[in-house]
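The block underneath contains the structure these notes are about, expressed in structure tokens.
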Amino acid sequence: MQVGDWVLAIGSPFGLNATVTAGIVSAKDRGGVGRQFQKFLQTDAAINPGNSGGPLVDLAGEVIGINTAIITGSRGYEGVGFALPSSVAINVYNQLIQQGRVTRGSIGVSFQEDLGTNAITLKELGAPNGVVIMGVEPGSPAEKAGLKGGDVITNVNGKPIKTGNDLVNPIAQAIIGTKVKLGYVRDRQSKETTAVVEDRTRVFPNSAARQIDAQNENGAAEYGLRVENLTPERASRVGMDGQKGVLVVEVDPASFGDDLGFARGDVIAEVNRQPVNSVADYKAVMSKLKPGANVVFKVLRRQDNDRVLTVFLPESFRRRTLSKHLPR
């Protein structure tokens, strides 16, 4: 696909099933929208809450992306939408089928984008282009290849490096165990070396552990819902004295949870008639749900007059955790 090509977005915005909207590809390889390793197709086809997870197709009906996010100040369409490219989705799918998880390669170098690609710094170091690495992880492939902090990596497998993504992406996408050829500059002299790509979680084990710990501390964050334990003190604070369940502290717009009608402050008491008394209970119940199966949440919701209502939220379960309407 090229910028300017016509595309169609399909989904169920605001619950209106099988809605089709038209637009063009506004930009490709758009970063800064999601997390690292994510590059999106930008489109002006109307994408609204409920479109997330639906296909973005070309005029031949071929799926080129998965509608994922929008930038908006009103929670609705403002002409800037993003779809995860189908090539990325296929790569993730194949890894899940073959390995049961997604792996990304690394050689164990760290850098800061704005400082590492500064033209003045590069000129001073004698490099025409590249990324200045700040550090090398002990025992990493980069250390074994002889790289040091302050080196400028100028190319990967012969391809020039001009941005951080130029360095990260080919290594992250490389098959674990394969070799990458690196060109770099040290003391104003061009050099070459070879590094064996390893699993990123093995190269940076401390970072992976910190991320897992942070997720555990912040409670479950799946299906567009972030929940935390409803302690007696917290229950009293939110007007839910004596109630049991897990407290919804955040709902991602356009997510599975948002489509169901969840709101911040809701208390999930049961899922498919199974009591939920803790985040652990919630995770255990949700992990057993299969895509396409019916799910009913028993929710306790506090009204303005301090009454606590019992609400049942039914839906056909689907795993949609990527959907998010991003603020400006």
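The values are calculated or read from the model by the stated rules, or taken from the named source; none is laboratory data. Just so we're clear, the structure is a prediction, and the values are computed from it rather than from any experiment. Cβ atoms come from the backbone with ideal geometry, glycine included; neighbour counts cover every protein chain shown. The protein model used for the area step is the full one, side chains on, heavy atoms only, and it has no ligands, DNA or RNA in it. Shrake-Rupley method; radii C 1.70, N 1.55, O 1.52, S 1.80 Å.
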Take Ala45 and tell me if it is in contact with a Phe, Trp or Tyr (Cβ under 8 Å, 6 or more places away or on another chain), farther than 30 Å from Glu198 by Cβ and open to solvent by less than 40 Å² (accessible area, probe 1.4 Å). no
Does Asn118 qualify as being closer than 15 Å to Arg186 by Cα, open to solvent by 30 Å² or more (accessible area, probe 1.4 Å) and at pLDDT 90 or above? no
Yes or no: Ser86 crowded, with 19+ Cβ neighbours inside 10 Å and without any contact (Cβ under 8 Å) to a residue 60 or more places away in the chain? yes
If Gly23 satisfies every condition in (1) assigned to a loop (DSSP other than H, G, I, E, B); (2) more than 17 Å from the chain's Cα centre (by Cα) but one, which is the exception? (1)
Would you call Tyr223 modelled with pLDDT under 90 and open to solvent by less than 10 Å² (accessible area, probe 1.4 Å)? yes
Within region 287-295, can one find any residue that is outside any loop (DSSP other than H, G, I, E, B), open to solvent by less than 30 Å² (accessible area, probe 1.4 Å), under 30 Å from Ile70 (Cβ atoms) and at pLDDT below 90? yes
Out of region 151-175, which residues are out of contact with any helix residue (DSSP H, G or I) (no Cβ under 8 Å at 6 or more places or on another chain), assigned to a loop (DSSP other than H, G, I, E, B), open to solvent by less than 50 Å² (accessible area, probe 1.4 Å) and without any contact (Cβ under 8 Å) to a residue 60 or more places away in the chain? Asp151
Checked Leu84, Leu96, Leu59 against criteria (within 25 Å of Gly11 (Cα to Cα) and in contact with a Ser or Thr (Cβ under 6 Å, 6 or more places away or on another chain)); the one match is Leu84
Which one is modelled with the lowest pLDDT, of the residues in region 227-274 that are open to solvent by 60 Å² or more (accessible area, probe 1.4 Å), assigned to a strand (DSSP E or B) and touching a strand residue (DSSP E or B) at 6+ places or on another chain (Cβ under 7 Å)? Glu250
Name every residue in region 60-100 that is assigned to a strand (DSSP E or B) and more than 16 Å from the chain's Cα centre (by Cα), in order of residue number. Val63, Ile64
